[in-house]
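Just so it is clear, none of the values below were taken in a lab; they were calculated from the coordinates. Being a predicted model, the structure only gives us computed values, none of them experimental. Glycine gets a Cβ as well: all are built from the backbone with ideal geometry, and neighbour counts include every protein chain shown.
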Amino acid sequence: MPAALGNQIHSGNANNVKARLIVEGANNPTTPAADAILAKKGIYVLPDILANAGGVTVSYFEWVQNQANEQWGPDRITKGLKRKMYTAVDTVFSRWQSFVVGEETPGTPDFRTVALIIAIERVTEATLMRGIWP
């Protein structure tokens, strides 16, 4: 679990990775070249935009509290964070499985690609609903 610095898994060391799963706790810890190497080795990568989203999620909770002039306790924050994170991981994994079993287009993208597909779809839907300019 690379959790401190970016670009720590790169083309020069990706072949040495012996893990079956990498959970990215840092921002951009794996380079695109390393992603390709890891994929060829059959190593799964849970991307930073999914695994490292807890801090941003809790920042959002703080914003909501400030807007409503509320103070939430640690139990409510933890419960909300778990719900959001579990839902996000489940959504990405379910969509990834649809590629594996052939419901989507041929080929199996990595978890990062699936997470980005979902993110782009959500931004597209929001833009179409709201329009480009507020």
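What distance in nm separates the two pseudo spin-label positions at LYS40 and SER98, each 7 Å out from Cα along the beta-carbon direction?
Each label point is offset 7 Å from its Cα along the Cβ direction, giving 3.1 nm.
Tell me which DSSP H helices of the chain clear both cut-offs, 15 Å or more of axial length from alpha-carbon atoms and a mean Kyte-Doolittle hydropathy of at least -1.0.
54-68, 74-100, 111-130
Could you list log10 I(q)/I(0) for region 54-103 at q = 0.18, 0.19, 0.21 Å⁻¹, which the Debye formula gives when each Cα is one point scatterer?
-0.62, -0.66, -0.73
Express in nm, to one decimal, how much length is gained between ARG130 and GLN65 on full extension, taking 0.36 nm for each residue of separation and deducting their alpha carbon distance. Write out the running numbers ahead of the final one.
Values: separation 65, 0.36 × 65 = 23.40 nm, distance 2.44 nm.
Value of the extension gain: 21.0 nm.
With +1 on each Lys and Arg Cβ and -1 on each Asp and Glu Cβ, and nothing else charged, work out how big the dipole of the chain is about its Cα centre, in Debye to the nearest 20.
Approximately 280 debye in magnitude.
Under a 5 Å amide H to amide H cut-off, with H placed in plane at 1.01 Å, what residues pair with VAL23 once short-range neighbours are removed?
So VAL23 has HN proximity to LEU46.
Over the chain, what is the relative contact order in whole percent, taking alpha-carbon pairs under 8 Å and six or more residues apart? Don't skip to the end; give the middle numbers.
Working: 136 pairs, mean separation 25.4, N = 134.
Relative contact order, the chain: 19 percent.
Nearest 500 deg cm²/dmol is fine: what mean residue ellipticity at 222 nm does the chain get from its DSSP H runs of n ≥ 4 alone, each adding -39,500 (n - 2.57), divided by its residue count? Kindly include the intermediate steps, with their values, before the conclusion.
On the way: 5 runs with 75 residues, N = 134.
The per-residue figure over the chain is -18500 deg cm²/dmol.
I'd like to compare 48-59, 73-84: which one has the highest average count of other Cβ atoms within 10 Å, and what's the full order after that? Spell out each step's value before the answer.
Working: 48-59: 15.9, 73-84: 12.2.
Averaged packing, sorted descending, gives the order 48-59, 73-84.
With only alpha-carbon atoms in the gyration tensor, what are the semi-axes of the equivalent ellipsoid for region 1-48, in Å, largest first? Each step should come with its number before you reach the end.
Numbers: eigenvalues 44, 25, 15 Å².
Calculated on Cα positions only, the semi-axes equal 15, 11, 9 Å.
Based on alpha-carbon atoms only, what is the radius of gyration of the chain relative to the globular estimate 2.2 N^0.38 Å?
Values: Rg = 17.4 Å, N = 134, 2.2 N^0.38 = 14.1 Å.
Ratio of Cα Rg to 2.2 N^0.38 Å: 1.23.
Sort TRP72, TRP63, TRP133, TRP96 so the one with the fewest other Cβ atoms within 10 Å of its own Cβ comes first. If you can, show how the numbers build up before the last one.
Values: TRP72 15, TRP63 10, TRP133 4, TRP96 20.
Ranked by crowding around the Cβ, least crowded first: TRP133, TRP63, TRP72, TRP96.
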